[in-house]
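This report refers to the structure that appears directly beneath it.
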């Protein structure tokens, strides 16, 4: 392959810029032309494609977000627009494409691969919901961002002797809540993968009160059965303790990526370039068991997620209020 493209799609994630940097420079090093596609699949459909040079990706390694911008494309869910996207790549002479994003972005890549485009998926999403890889780009940074917020909220929650429910992102995956809640010493962690009785939550809060604990912290994944405001109201009514809901929202997505996210982004994007250079079929690149892996793109999307029940049970033991 002589010409390759790269786009970032879906929700932004810290480390996407590191992936773009590695793809551009590794591609140029191999004698390839690298084109940046702005605003994800939307930009592809509109022909927002620019040639990238070595200096185009200077001073971006430490930056959050994505210099290529990103968007969610409703058009690209229609087959006629996927055909249009494939024709656009052909018009620019682009033989292969690197897609940095989550499961929806990868599905778009699968559709393009059916039209003869070799697509390499690089896992960029804070949700950590691509099961073929141990961790996705942006997850580690987001966990540490949430952890900092937990520490700040704990001070206020303790001062006012109240219960605080923090609702974190993750869609249908509870990993952000689990990892940040465990590291942040949450009394209760609520995730979509595990059913939890509201009476049990109240009992845990009351147990803490009985031992003189000044506050209670609950970390909830947004995919749980109820939202944080609803839970705060119920908790206040049932325990008699003031309760507040905190929803950090997009704050979780920003910030300078951690070493781990920069490293995963760099090595997976470099591998994507290598595979395109070798004229490989479409692959999803990730890290599994500490090893760099590449598997069929469509098959990667079919890998079933396995929730870490051991970590969850450990959090329950450590969060008991007795």
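The values are calculated or read from the model by the stated rules, or taken from the named source; none is laboratory data. Just so it is clear, the model here is predicted, and its values are computed rather than measured. Reconstructed Cβ throughout: ideal geometry from the backbone, glycine too, with neighbour counts over all protein chains shown.
A single member of 97, 68 is in contact with a strand residue (DSSP E or B) (Cβ under 7 Å, 6 or more places away or on another chain) and under 22 Å from residue 279 (Cβ atoms), and it is 97. Those residues that are surrounded by fewer than 22 Cβ atoms within 10 Å (Cβ to Cβ), more than 25 Å from residue 155 (Cβ to Cβ) and modelled with pLDDT of 90 or more, I need them from region 172-197; list them, please. The answer is 172, 192, 193, 194, 195. Among the conditions (1) buried (at least 24 other Cβ atoms within 10 Å of the Cβ); (2) over 19 Å from residue 18 (Cα atoms); (3) not assigned by TED's automatic domain parsing to the domain that holds residue 223, the only one that residue 99 does not satisfy is (2).
Is there a residue in region 31-39 that is in the same structural domain as residue 285 (by TED's automatic domain parsing), in contact (Cβ under 8 Å) with a residue 12 or more places away in the chain, assigned to a helix (DSSP H, G or I) and buried (at least 24 other Cβ atoms within 10 Å of the Cβ)? No, there is no match, as no residue in region 31-39 is in the same structural domain as residue 285 (by TED's automatic domain parsing), in contact (Cβ under 8 Å) with a residue 12 or more places away in the chain, assigned to a helix (DSSP H, G or I) and buried (at least 24 other Cβ atoms within 10 Å of the Cβ). The set of residues in region 219-248 that are closer than 17 Å to residue 169 by Cβ and assigned to a helix (DSSP H, G or I) comprises 228, 229, 231. On the stretch given as region 71-108, residues that are within 15 Å of residue 11 (Cβ to Cβ), in a loop (DSSP other than H, G, I, E, B) and at pLDDT 95 or above total 1. Restricting 200, 161 to residues that are surrounded by fewer than 16 Cβ atoms within 10 Å (Cβ to Cβ) and in a loop (DSSP other than H, G, I, E, B) narrows the list to 161.
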